[in-house]
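Participant: The structure under discussion is supplied below as structure tokens; questions concerning it will follow.
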Amino acid sequence: MSSGRFAPSPTGRLHLGNLRTALLAWLFARSTGSPLHLRFDDLDTGSVRDEHYDTQRDDLTALGLDWDGDPIRQRDRLDRYRHALDRLRALDVLYPCYCSRREIREAAQAPNRPLAGHGYPGTCRRLDATGRAARDASGRRPAWRLRTEAASYHLVDRLRGEVSVELDDFVVERNDGTPAYHLVTVVDDDALAVELVVRGDDLLDSTGRQLLVADLLGLRRAEHAHVPLVLSPDGERLAKRHGAVTLPDRMARGESPLDVLRFLAASLDLPGAAEATGPADLLPGFDPDRLPTEPLVLPVDDLT
Ligand code: GLU
């Protein structure tokens, strides 16, 4: 049976945008009778904070959102990702990349960059064995990039329709040995039989990379519904400094979790938002074709 998933990174408290995406992931799954998984994208050890597995789970529960089975932690699944990396290596589509972020930034700005249009300028793609050996000898540990042949990928998004997204040579294993997001998300979505990936539309651009990984590994190609973000009054992604952006912040202003649920539902124009007593009350009126595709920009008053 196909399923859905909500995949937060436990790096902080969930904000209104995350909660709204979670509500939508829940509605998409439950309106089709599909199981929903909660998956913690927690491989970025530098930014994960242990307490946020609990705070994120608790905030979802407070809104009445539930999921099936135990939450999944990517840290527990490293073997699967390593196996997938081995398969990509065996296909000979990876190459080591020794570039630092700064070098990539600078090379990307060079006027005569050879792979115009690609995010990664291809510096290490052109290294020969001697060049690689010299860099290995310098002690720099490489990341591994996937060599892409096309500059773009065409796909159909459930909310955004037909889109063409850019492709570049992207990292599948970071230089600390951690399997990278574009790889692990595909491996997990396949293992969990995810048919529809519901997530923030800041990730739309990464979808081509992920479909490419799925194609190469012979995994299922999930469909995608990229949902609009919630932005601060100045059009930025929500952050703590913008004010009352989390559930506890809203509760400190005297709102209940139900008020927050109704607010999120109203922001999506969901019928019955004002009277809902829980997310299930939103199911009868849920129609993906009527969801907004523009971001919600919160007014200053809403955040103070
Ligand atoms: N962990 C990502 C985030 O919190 C979402 C990844 C995904 O849904 O594919 O933005």
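Laboratory data are not the source of any read-out in this text; all were calculated from the coordinates shown. On a predicted model such as this, the values are computed, not experimentally measured, just so you know. So basically every Cβ, Gly included, is an ideal-geometry build from the backbone, and we count neighbours across all protein chains shown.
Participant: Any idea what angle helix 181-191 forms with the longest principal axis of the chain, computed on alpha-carbon atoms, 0 to 90 degrees, nearest 10?
Facilitator: Computed tilt is about 60 degrees.
Participant: Please list, by residue number, every one of the trypsin sites (Lys or Arg not before Pro) in the stretch 4-59 that is coil in DSSP and has at most 12 other beta-carbon atoms within 10 Å. Could the numbers behind the result be given before it?
Facilitator: On the way: sites: R5, R13, R20, R30, R39, R49, R57; in loops: R13, R49.
Qualifying residues, ordered by number: R49.
Participant: I need the calculated FRET efficiency for the pair S2 and R87, taking r as the beta carbon distance and R₀ as 25 Å, to the nearest 0.05. If you can, show how the numbers build up before the last one.
Facilitator: Working: r = 23 Å, r/R0 = 0.94.
Efficiency, from the Cβ-Cβ distance: 0.60.
Participant: A further question follows. For the stretch 1-43 and the stretch 174-209, what is the separation of their Cα centres, given in Å?
Facilitator: A separation of 14 Å, based on Cα centres.
Participant: Would you kindly derive the ³J(HN,Hα) couplings of the stretch 80-86 from the backbone phi angles with the Karplus curve 6.51 cos²θ - 1.76 cosθ + 1.60 (θ = phi - 60°), listing them in order in whole Hz, with x for Gly and Pro?
Facilitator: 4, 5, 5, 4, 5, 4, 4
Participant: Can you work out the Karplus-derived ³J(HN,Hα) for every residue in the stretch 24-29? Use 6.51 cos²θ - 1.76 cosθ + 1.60 with θ = phi - 60°, whole Hz, and x for glycine or proline.
Facilitator: Once rounded to whole Hz, the list reads 5, 4, 5, 5, 4, 5.
Participant: Quick check on packing: order 77-83, 32-38 by the mean number of other C-beta atoms within 10 Å, highest mean leading.
Facilitator: Working: 77-83: 14.3, 32-38: 18.1.
Highest to lowest by the protection proxy: 32-38, 77-83.
Participant: Now, a different point. Kindly provide the GluC sites (Glu not before Pro) of the stretch 215-304 that DSSP labels as loop, not H, G, I, E or B, and whose Cβ sees at most 12 other Cβ atoms within 10 Å. List each step's numbers first, then the result.
Facilitator: On the way: sites: E223, E236, E255, E275; in loops: E236, E255.
Counting only loop positions with at most 12 other Cβ atoms within 10 Å, the GluC sites (Glu not before Pro) in the stretch 215-304 are E236.
Participant: Please find the FRET efficiency linking A107 to R73, where r is the Cβ-Cβ separation and R0 is fixed at 35 Å, and quote it to the nearest 0.05. Let's see the in-between values first.
Facilitator: Values: r = 36 Å, r/R0 = 1.02.
Approximately 0.45, to the nearest 0.05.
Participant: Provide the descending list of Cα extents for the chain along its principal axes, expressed in whole angstroms.
Facilitator: Taking the Cα atoms of the chain, the three principal extents are 68, 42, 38 Å.
Participant: What Kirkwood hydrodynamic radius do you get for the stretch 210-267 when you take the inverse of the mean 1/r over all pairs of distinct Cα atoms, in Å?
Facilitator: On the way: mean 1/r = 0.0690 Å⁻¹.
The Cα-based Kirkwood calculation yields 14.5 Å.
Participant: Over the chain, what is the relative contact order in whole percent, taking alpha-carbon pairs under 8 Å and six or more residues apart? Write down the numbers at each step before the final one.
Facilitator: Values: 494 pairs, mean separation 60.1, N = 304.
The normalised contact order for the chain reaches 20 percent.
Participant: Return the unpartnered cysteines for the chain, using a Cβ-Cβ cut-off of under 4.7 Å.
Facilitator: Result for the chain is C99, no neighbouring Cys Cβ within the cutoff.
Participant: What list of ³J(HN,Hα) couplings, whole Hz, do you get for the stretch 243-260 from phi and the Karplus terms 6.51, -1.76, 1.60, once you set θ to phi - 60° and write x for glycine and proline?
Facilitator: After applying 6.51 cos²θ - 1.76 cosθ + 1.60, I find x, 7, 10, 10, 4, x, 4, 5, 5, 5, 8, x, 8, 9, x, 5, 4, 5 Hz.
Participant: Please identify which residues in the stretch 89-107 have an amide N closer than 14 Å to a label point set 7 Å out from the Cα of R141, following the Cα→Cβ vector.
Facilitator: Output list for this probe position: 97-98.
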